[in-house]
Amino acid sequence: PEPGAGGLPVGVGGRAVSLLSGGLDSPVSSYMIARRGVELEMVHFVSPPYTSQQALDKVLELARLLTVYCGRMIVHIIPFTEIQEEIRRQCPEEYFTLIMRLAEAVARKSHASALVTGESLGQVASQTIKALGVTEDVTKMPVLRPLIGTDKVEIIRMAREIGAYETSILPYED
């Protein structure tokens, strides 16, 4: 017999919106939260021409791969080019947390109670305790970070286990 993913039935842990990029971290974090019985909707931000159709297709394929663990889900695609360009022109970098506010708006419309990110403490320069605190300050919803204490080796192992690794490493920008 083939062992199952384990965890709790989808839906018993509430509803959340997961920020899904095309990388390794967000599909793994979504999988981990789904295992705790949380029903997920995904949100992805596109910025053509800075991001390509292949990058969007990659994200949609990751969402499809996650349905094995999450069940049927909605993927909200948010056009972000004009907003992103205006932010770059008008705002200091420490205010680049608008994505969390937009994701929170999607979550509220979806009757979700939390946001899910693929952040891992110290994995990249922007993922410091201070930066994570700024994210907390811009949203009133809990921000679930199942990868917070993991390293890239562990994340890669989990991405392989859930079948997301090969898609996640495709060279399209996110």
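So with the 1.4 Å probe, I'd like the accessible area per residue for segment 19-174, rounded to whole Å².
Numbers: 8480 Å² over 156 residues.
On a per-residue basis, segment 19-174 sits at 54 Å².
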Where does helix 98-109 land angle-wise versus the long Cα axis of the chain, in degrees 0 to 90, nearest 10? 50 degrees
Measuring from the longest principal axis of the C-alpha atoms of the chain, the long axis of helix 25-34 (C-alpha) lies at a number of degrees, nearest 10, equal to 50 degrees
Label of the coordinate-derived value, Rg and Dmax of the Cα atoms in Å, listed as (i) 15.6, 47; (ii) 15.6, 58; (iii) 16.4, 53: (ii)
With only helices counted (DSSP H, runs n ≥ 4, each -39500 (n - 2.57)), the per-residue ellipticity at 222 nm for the chain, to the nearest 500, works out to -13000 deg cm²/dmol
For the chain, what does the relative contact order come out to in percent, with C-alpha contacts under 8 Å and a separation of six or more? 31 percent
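Which is the longest run of the chain containing none of the trypsin sites (Lys or Arg not before Pro) found in DSSP loop states (not H, G, I, E, B) with at most 12 other C-beta atoms within 10 Å? Working shown, then result.
Working: sites that count: Arg72, Lys140.
Longest gap between qualifying sites, sites excluded: 1-71.
The values are calculated or read from the model by the stated rules, or taken from the named source; none is laboratory data. As the structure is a prediction and not an experimental result, all values here were calculated from the model. All Cβ positions, glycine included, derive from the backbone under ideal geometry; neighbour counts span all protein chains shown. We work out accessible area using only protein heavy atoms, side chains counted, and drop any ligands, DNA or RNA first. Shrake-Rupley method; radii C 1.70, N 1.55, O 1.52, S 1.80 Å.
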